[in-house]
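*Asks:* Take a look at the following structure, please.
The values are calculated or read from the model by the stated rules, or taken from the named source; none is laboratory data. Treat the numbers as computed from the prediction; the structure is a model and nothing was measured. Because the Cβ atoms are built from the backbone with ideal geometry, glycine has one as well, and the counts that use them run over all protein chains shown. SASA here: full protein model, heavy atoms, side chains in, ligands and nucleic acids out. Shrake-Rupley method; radii C 1.70, N 1.55, O 1.52, S 1.80 Å.
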Amino acid sequence: MSLWRIRTAVEDRPGGLAGVVGALARCGGDIVGLSIHTDVSGVVDEFVVDIPGDHAVAVRALGEHCPTGTVTAVPAQRREVGDDVTRALLLTARLRSHPNRLPDALAELLSADGAHWTNLTRVEEAADPAGTAMLVPVGPLRGVLVRRRSHAFTWTESSRAEALVRSVMPSTGPVPTDRTVRTAGGEELSLRQVREADAPALSALHRRCSPETVRSRYFAGMAELSPYMLRVFCDPGRGLTLAVRPRGGKDPVALGHLMYTLDPGVGEIAFLVEDAWQGRGVGTALARELTVIAADWGLAEVRAETALANAGMMRIMRRFGASVRFHGEGGPYVQARVPVAEALQGGPGGAARHGGRLARLMGQG
């Protein structure tokens with residue numbers, strides 16, 4: 001008997017997971033651990049399996065149930081079996097007494113080959129198309145470079161690493177949802193969480209928007225904001241909706257949404273920007289601030305469902321490093337997906353530029 005850590009995408013349909021479990025059972029595999037990851041390929045399930053004989057038989061069997069056709073298997077250690085949450089909490093407790101051992105803790109959390117301190121300006125160290133190296137910022141100038149030869153890091157693991165770092169940094173409380181931000185052009189905007197009392201102002205905003213703008217947001221025509229939609233916007237159990245007002249203005253000119261989804265660790269963002277304010281950096285500022293809040297919530301990924309013809313939204317999402325998937329057979333709608341940690345770092349080559357902002361969010365600088 002030998003332990004293997006196996007990753008595979010599970011088809012998103014009733015019985016999809018049962019098919020994978022059944023395939024492992026027929027190979028004599030005993031599942032002793034399961035976790036769910038978000039990655040560039042979508043939602044990926046990771047199994048720690050005790051397999052008799054040749055593990056390649058199980059890998060081939062799982063390939064028949066994998067929608068992407070990609071199944072990876074690497075040897076696992078007995079010490080890796082257990083609850084991921086418990087392991088992370090124990091590492092946090094250990095770091096409280098010995099924060100200088102952060103590289104060792106990150107390596108243990110991610111089952112990596114090793115980790116070491118590095119200067120954030122030396123981002124070329126982390127340049128690895130295979131994804132087997134990850135740079136975790138720990139302040140405006142330094143970070144931890146983690147390497148694992150066996151298999152690439154997922155977006156979920158990147159989010160876990162950032163959360164472990166933040167757990168041992170001085171606490172500044174949650175990121176405020178009511179705040180003032182600036183666009184790239186210097187426009188000062190006030191962001192405030194919507195309330196039921198905002199109904200008249202939000203209805204007026206929708207009436208000022210052109211039918212094309214409303215359709216791009218909701219994929220359907222909508223003359224008025226319904227009471228049901230207002231309840232959704234105000235329900236913290238569904239997510240967060242921010243109203244955007246220019247400095248000194250009373251009327252909102254845009255809405256930004258960060259909503260929970262059924263996929264673990266994934267949020268959905270959407271914007272409605274009044275026509276007169278489009279092309280002035282409002283959507284980019286909203287995307288940036290909602291991504292910061294998503295990181296504070298512990299999300300690994302944010303997604304946006306949009307029309308292919310919505311050039312503004314597509315431009316914003318690509319600016320944040322989004323990968324884009326078409327719905328159906330290259331249809332008019334697409335899904336743009338952004339890894340939260342990578343967006344905050346600014347992508348490859350951008351960690352040094354954004355390290356100061358990330359450090360302030362974590363209570364440093």
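*Asks:* Going by the structure shown, is Gly298 open to solvent by 20 Å² or more (accessible area, probe 1.4 Å) and either of a type in the set (Gly, Ala, Ser) or touching a strand residue (DSSP E or B) at 6+ places or on another chain (Cβ under 6 Å) (or both)? Walk me through how you get there before you give the answer.
*Replies:* Values: open to solvent by 20 Å² or more (accessible area, probe 1.4 Å): yes; either of a type in the set (Gly, Ala, Ser) or touching a strand residue (DSSP E or B) at 6+ places or on another chain (Cβ under 6 Å) (or both): yes.
So Gly298 fits the description; yes.
*Asks:* Taking helices (runs of 4 or more DSSP H) that fall entirely within region 64-178, which contain at least 1 residues that are of a type in the set (Val, Ile, Thr) and in contact with a Gly (Cβ under 8 Å, 6 or more places away or on another chain)? Please lay out each step first, then the result.
*Replies:* Values: elements: 84-97, 102-109, 155-167.
Where helices (runs of 4 or more DSSP H) fall fully within region 64-178 and carry at least 1 residues being of a type in the set (Val, Ile, Thr) and in contact with a Gly (Cβ under 8 Å, 6 or more places away or on another chain), they are 155-167.
*Asks:* Still on this model: Being assigned to a loop (DSSP other than H, G, I, E, B), open to solvent by less than 80 Å² (accessible area, probe 1.4 Å) and not polar (S, T, N, Q) is the requirement here; does Phe233 meet it?
*Replies:* On the way: assigned to a loop (DSSP other than H, G, I, E, B): no; open to solvent by less than 80 Å² (accessible area, probe 1.4 Å): yes; not polar (S, T, N, Q): yes.
Taking the combined requirement at face value, the residue does not satisfy it.
*Asks:* In addition: Test Leu290 against the criterion of being on the phi < 0 side of the Ramachandran plot, buried (at least 21 other Cβ atoms within 10 Å of the Cβ) and part of a strand (DSSP E or B), and give yes or no. I'd like the intermediate steps shown before the answer.
*Replies:* Numbers: on the phi < 0 side of the Ramachandran plot: yes; buried (at least 21 other Cβ atoms within 10 Å of the Cβ): yes; part of a strand (DSSP E or B): no.
Considered against the rule, which asks whether it is on the phi < 0 side of the Ramachandran plot, buried (at least 21 other Cβ atoms within 10 Å of the Cβ) and part of a strand (DSSP E or B), Leu290 comes out as no.
*Asks:* Tell me, please, whether a residue that is in a strand (DSSP E or B), under 25 Å from Arg207 (Cβ atoms) and open to solvent by 50 Å² or more (accessible area, probe 1.4 Å) can be found in region 269-283.
*Replies:* Going through region 269-283, the residues in a strand (DSSP E or B) turn out to be 269-273.
Those left that are additionally under 25 Å from Arg207 (Cβ atoms): 269-273.
Adding the requirement that they be open to solvent by 50 Å² or more (accessible area, probe 1.4 Å) leaves none.
Checked region 269-283: no residue is in a strand (DSSP E or B), under 25 Å from Arg207 (Cβ atoms) and open to solvent by 50 Å² or more (accessible area, probe 1.4 Å).
*Asks:* Would you mind telling me which numbered condition in (1) outside any helix (DSSP H, G or I); (2) open to solvent by 30 Å² or more (accessible area, probe 1.4 Å); (3) not hydrophobic (A, V, I, L, M, F, W, C) Asp45 fails?
*Replies:* The failed condition is (2).
*Asks:* Here's something else I'd like to know. Can you name every residue in region 322-339 that is open to solvent by less than 40 Å² (accessible area, probe 1.4 Å) and over 12 Å from Ile269 (Cα atoms)? Spell out how you get there, then give the answer.
*Replies:* To start, the set of residues in region 322-339 that are open to solvent by less than 40 Å² (accessible area, probe 1.4 Å) comprises 322-323, 331, 334-339.
Result: Ala322, Ser323, Gly331, Val334, Pro339.
*Asks:* Hey, could you check region 236-257 for residues that are assigned to a loop (DSSP other than H, G, I, E, B) and small (Gly, Ala, Ser) and say which is least open to solvent (accessible area, probe 1.4 Å)? Before you say what the answer is, go through the steps one by one.
*Replies:* In the first step, residues of region 236-257 are kept if they are assigned to a loop (DSSP other than H, G, I, E, B); the result is 236-238, 247-253.
With the extra rule that they be small (Gly, Ala, Ser), the set shrinks to 237, 248-249.
Working: Gly237: 60, Gly248: 84, Gly249: 32 Å².
Of everything passing the filter in region 236-257, Gly249 is least open to solvent (accessible area, probe 1.4 Å).
*Asks:* Please give the number of the condition Glu212 fails out of (1) surrounded by fewer than 18 Cβ atoms within 10 Å (Cβ to Cβ); (2) touching a residue at least 24 places away in the same chain (Cβ under 8 Å); (3) within 24 Å of Ala285 (Cβ to Cβ).
*Replies:* Every condition holds for Glu212 apart from (2).
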